[in-house]
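Just below is one structure, and these are the notes that go with it.
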């Protein structure tokens, strides 16, 4: 068990994190840096699952907004998450971290299908498991996929690595007076539409009592700091 008291966590990363300073796509240097963060977390003794979004390559809702069929656009977005998962797998294995990718859309030539018991075994053997292709169905975001996998794998917490250092009462990018919460309830997040994750993901975590820890992944070393209780983050949890 890690020093944080967590035994198993799911780390959710947005696809945009992998872009680095680019306008789109995958920046190998940034992927390598994030992989170092993941390795440092795993080295504390954690069992670690990952879910990575696909917005750096293709976002289904954006495609639908431009006239594409929503289901078709979402399937394209799912394939983008597989590309990101493979890039992260490569970066982790270059650091000596054994990693398996499991996709909700079966593609046996490049990765395993999602099989819960097999994923459990990987984690027990010290491997990182990256879940790709969301829930395998359109109309669901990768946030929902992350919440589902966190519940399936009985994770102690879902860590959401973003470009901001927590949950605010308004958008800190547009309101310099926005206040960050140290802790906030699931119900408050849903009631005030605080944009932590989409509502279905928040509700799934609430119903399964899985706290969501929101922190900035862009700050080097921050995941390890947050796990140690030193970093800046917001914990979304059920009220005691």
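A few notes on this one:
- Taking label points 7 Å from Cα along the Cα-to-Cβ direction, residue 90 and residue 199 give a separation of 4.0 nm.
- Relative exposure of 192, 74, judged by other C-beta atoms within 10 Å (fewest first): 192, 74
- Taking the average, over residues, of other Cβ atoms within 10 Å as the packing measure, peptides 193-200, 28-35, 142-149 rank 142-149, 28-35, 193-200 from highest down.
- Inter-part distance, segment 56-106 to segment 189-228, computed on C-alpha centroids, equals 21 Å.
- Shown here are the Rg and Dmax of the Cα trace of segment 76-145, at 11.8, 36 Å.
- With a Förster radius of 35 Å applied to the C-beta separation of residue 219 and residue 71, the computed FRET efficiency comes to 0.40.
- Beta bridges by DSSP in the chain, antiparallel share as percent, to the nearest 5: 15 percent
- Counting 0.36 nm for each residue step from residue 24 to residue 62 and taking away their Cα separation leaves a gain of 12.3 nm.
- The gain in end-to-end length when the residue 191 to residue 239 segment is fully stretched comes to 15.9 nm, 0.36 nm per residue minus the alpha carbon separation.
- Length-normalised contact order of the chain in % [C-alpha pairs under 8 Å, at least 6 apart]: 21 percent
- Rg [Å, one decimal], Dmax [Å, integer] - segment 1-126, C-alpha atoms: 15.4, 49
- Projected over every direction and averaged, the convex hull enclosing the alpha-carbon atoms of segment 61-189 yields 10.4 nm².
- Estimated 222 nm signal from helices in the chain, with DSSP H stretches of n ≥ 4 weighted -39500 (n - 2.57), rounded to 500: -11000 deg cm²/dmol
- Shape index of the chain: Rg/Rh, with Rg the Cα radius of gyration and Rh the Kirkwood radius from the inverse mean 1/r over Cα pairs, equals 0.94.
- Diffusion coefficient, µm² s⁻¹, Stokes-Einstein with Kirkwood Rh over alpha-carbon pairs of segment 56-99 at 20 °C and 1.002 mPa s: 188 µm²/s
- Relative contact order (%) - segment 7-50, alpha-carbon pairs under 8 angstrom, separation at least six: 56 percent
- In a fully extended conformation the segment linking residue 154 and residue 175 would gain 3.9 nm over its present Cα-Cα distance, using 0.36 nm per residue.
- Put a dot 7 Å past the Cα of residue 139, heading toward its Cβ, do the same for residue 124, and the two dots end up 3.7 nm apart.
Where a number appears in this text, it was derived from the coordinates with a stated rule and is not lab data. Since the model is a prediction, treat every value here as computed from it, not as a measurement. Note that we place each Cβ from the backbone using ideal geometry, even for glycine, and neighbour counts take in every protein chain shown.
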